[in-house]
1. Give, in nm to one decimal, the length gained when the segment between S85 and F11 is fully stretched (0.36 nm per residue of separation minus the Cα-Cα distance).
2. Do the sum for the chain: with -39,500 (n - 2.57) for every DSSP H run of n ≥ 4, divided by all residues, what is the mean residue ellipticity at 222 nm, to the nearest 500 deg cm²/dmol?
3. By counting other Cβ atoms within 10 Å of each Cβ, how are D180, D167 ranked from fewest to most?
4. Expressed as a whole percent, how much of the Cα-Cα distance distribution for the stretch 221-309 exceeds 16 Å?
5. How would you rank R372, R52, going from fewest to most other Cβ atoms within 10 Å of each one's own Cβ?
6. Nearest 10 degrees, 0 to 90: what angle lies between the long axis of helix 71-81 and the longest principal axis of the chain (Cα atoms)?
7. With only alpha-carbon atoms counted, please give the Rg and Dmax of the stretch 238-287, in Å.
8. Report the full-extension gain for the segment F430 to S377: residue separation times 0.36 nm, less the Cα-Cα distance, to one decimal in nm.
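Any read-out appearing in this document is the output of simple, stated calculations on the displayed coordinates, not a laboratory observation. Just so we're clear, the structure is a prediction, and the values are computed from it rather than from any experiment. Note that each Cβ is placed from the backbone with ideal geometry, even for glycine, and that neighbours are counted across all protein chains shown.
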Amino acid sequence: MFVFVLALFFFAGIIFFTANISINAGSWVQHSYNGHLSGSGGLEKAGKIFDRNGVVLAQTADGERYYNDDYETRLSTLHVVGDNSLNISTAVQSVYRSELTGFSYIWGLEMPETFRGGNNLTLTIDSAACKTAYEALGGMEGAVVVINYKTGEVLCSVSSKSYDPNDPPEINEDNEDEYDGVYLNKVLSSSYTPGSIFKLITTEAALENIPDIDSRTFECSGSAVIGGNEVTCMSSHGLIDIHDGLAQSCNIVFAQLAYELGRDKMTEAANKLGVNSSFDVGHTPTVKGNYNVKNADDNQLAWSGIGQYTDLTNPMQMCILMSAIANGGNRAEPYYVERMGGGDFEKQYPSEKNGEAMLESDIAQKLNDMMRYNVTSNYGDSMFGGLTVCAKTGTAEVQDGESNDAWMVGFVRDEDTPLAFAVAIEDGTFGISTAGPVAVAAVQACAEDMLANG
Ligand SMILES: [Zn+2]
């Protein structure tokens with residue numbers, strides 16, 4: 001009887017062990033304490049990473065991991081590709097490490113070279129457009145993203161500040177301020193005060209809830225008392241409607257609207273348009289923004305409608321909202337990995353969420369037209385070099401009152417260049433002068449590639 005019980009424990013142990021191996025082996029082998037994976041974070045056995053045009057962004061030679069030959073291409077693609085130490089947790093080298101290194105139950109990590117083609121990875125990004133966007137940033141810090149709003153492919157994704165993955169900095173106590181945020185892909189993982197780009201969300205709430213909104217007029221004399229305290233405007237706009245209010249970015253119109261719509265309807269619109277949501281971008285969640293007026297007084301509610309108070313938005317989330325406005329209300333589901341090895345990944349993407357409804361088609365169309373009017377009446381078509389662009393800029397006072405977040409968000413209306421974009425720059429001066437040229441450079445580079453290579 002005693003031996004029988006012992007035998008039972010032995011078999012139970014064997015079953016437990018086998019089950020654990022089959023479930024967890026793939027992740028155990030990736031652990032940093034696995035001595036077989038020293039040096040390049042285990043990437044010395046990883047496959048190549050290509051951009052959408054076949055440009056090699058990362059490859060292994062003689063057991064070492066190297067990145068693209070061009071310095072600025074390396075810096076501009078760092079946050080999507082990753083580095084040897086896997087410092088950027090959202091980069092594809094971190095997220096798809098086991099696929100890239102080719103762990104298999106039969107071969108372990110020692111898969112013969114002949115089978116290794118399966119571990120190459122092709123990204124959706126256009127590295128030339130990333131480089132152009134990085135150069136346009138000219139050392140400014142922030143995030144740039146351009147996606148195809150029909151398919152969800154991310155064509156350009158740049159986060160700055162960056163560093164060279166071939167020569168990563170030694171970050172220590174003395175220089176950590178200089179490298180603050182350098183491991184973050186700000187496109188996915190940072191949120192900023194939105195300022196005037198939030199007026200798009202207030203507009204959506206107004207279009208949905210105020211039947212005569214098109215014929216309403218507002219009076220702007222440069223400031224107004226709303227909710228018991230002052231709200232100021234950059235200019236004295238006089239008698240103005242919501243269309244010119246958005247094009248001229250009049251604070252009084254949208255502060256008044258937010259106050260009038262109230263906490264519930266404003267929160268409903270912000271939630272619906274994804275401000276408080278996290279989106280899945282190829283297995284990586286975006287950071288949530290913030291719209292919370294639960295404890296706001298009436299004047300703070302008014303300020304929240306013009307993207308101040310405690311409002312925060314994430315660049316990728318704003319780009320997804322742009323895709324919905326461009327697409328008649330149906331949003332794109334962005335993704336970075338076009339293909340891995342045999343093509344299993346192609347079947348996963350675009351996901352079924354691509355084309356999911358975010359807002360009503362008639363409201364999307366109105367917002368689309370209003371954003372087009374922003375460009376024709378205010379920014380001017382000339383800045384976009386022949387593309388039919390719909391856009392909104394934002395200049396947000398950051399909480400400390402000392403610096404501005406500069407934004408430009410929008411999309412191209414043209415059938416053959418369906419591009420949605422979001423640019424957020426830290427310590428900018430004005431949305432149009434700081435973020436505008438960066439957005440133009442990134443979007444034009446993507447459009448050129450799209451027209452040339454499809
Ligand atoms: Zn005004």
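1. Values: separation 74, 0.36 × 74 = 26.64 nm, distance 4.04 nm.
Working it through step by step, the gained length comes to 22.6 nm.
2. On the way: 14 runs with 157 residues, N = 454.
Value at 222 nm, helices only: -10500 deg cm²/dmol.
3. Numbers: D180 12, D167 9.
Ranked by crowding around the Cβ, least crowded first: D167, D180.
4. On the way: 2214 of 3916 pairs.
The proportion of pairs with Cα distances above 16 Å equals 57 percent.
5. Numbers: R372 19, R52 22.
Ordered from fewest to most neighbouring Cβ atoms within 10 Å, R372, R52 come out as R372, R52.
6. Roughly 80 degrees between the two axes.
7. 15.2, 49
8. Numbers: separation 53, 0.36 × 53 = 19.08 nm, distance 1.80 nm.
Separation in residues times 0.36 nm, less the Cα-Cα distance, equals 17.3 nm.
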